[in-house]
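Enquirer: One structure follows; several queries about it will come next.
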Amino acid sequence: MSEGRADKAANHSVARTLAVVLGAPLAAFAAGAAVMAFLPVSGPWAFVLGFQAVLPVWVGLACALPLTRSGRVAWGVCLAVVLPVAVALLLRGPR
């Protein structure tokens, strides 16, 4: 591996790191809230399944976001998860 490429591989941008640390958990919790809100089961079961859905999404994003090209792309992935969920939850309204 060339010297320039080795430096670039080890040098993660601050925006990408913040997307992993802040954006991945927020996106995972949003996905868990969507699972909880849209499941056709009772309250306690919906909570349990929505809570259990958070961890795989969080781990998946935490593993995938550092591999993106830039911090802008990493934040775009987080927004691509959060925005549709937020819109769907807003349109759904309170129960």
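Enquirer: So, in the stretch 40-54, of the ones that are in a helix (DSSP H, G or I) and β-branched (Val, Ile, Thr), which residue ends up modelled with the highest pLDDT?
Expert: Filtering the stretch 40-54 for residues that are in a helix (DSSP H, G or I) and β-branched (Val, Ile, Thr), the one modelled with the highest pLDDT comes out as Val54.
Enquirer: Let me ask something else. Restricting attention to the stretch 1-39, which residues are modelled with pLDDT of 85 or more and among the hydroxyl-bearing types (Ser, Thr, Tyr)?
Expert: Step one: filter the stretch 1-39 for residues modelled with pLDDT of 85 or more, giving 14-39.
The one that is modelled with pLDDT of 85 or more and among the hydroxyl-bearing types (Ser, Thr, Tyr): Thr17.
Enquirer: Right, here's the next one. Could you count how many residues in the stretch 48-72 are open to solvent by less than 70 Å² (accessible area, probe 1.4 Å) and without any contact (Cβ under 8 Å) to a residue 12 or more places away in the chain? Let's see the steps before the verdict.
Expert: The first filter runs over the stretch 48-72 and keeps only residues open to solvent by less than 70 Å² (accessible area, probe 1.4 Å), leaving 48, 50, 53-54, 57, 60-62, 64-66, 68, 70-71.
Pick out the ones that are also without any contact (Cβ under 8 Å) to a residue 12 or more places away in the chain and you get 48, 60.
Going through the stretch 48-72 one residue at a time, the tally reaches 2.
The values are calculated or read from the model by the stated rules, or taken from the named source; none is laboratory data. Owing to the predicted nature of the structure, the values given are computational and were not obtained by experimental measurement. Positions of Cβ are backbone-derived with ideal geometry, glycine not excepted, and every protein chain shown enters the neighbour counts. Heavy atoms of the whole protein, side chains included, go into the accessibility calculation; ligands, DNA and RNA do not. Shrake-Rupley method; radii C 1.70, N 1.55, O 1.52, S 1.80 Å.
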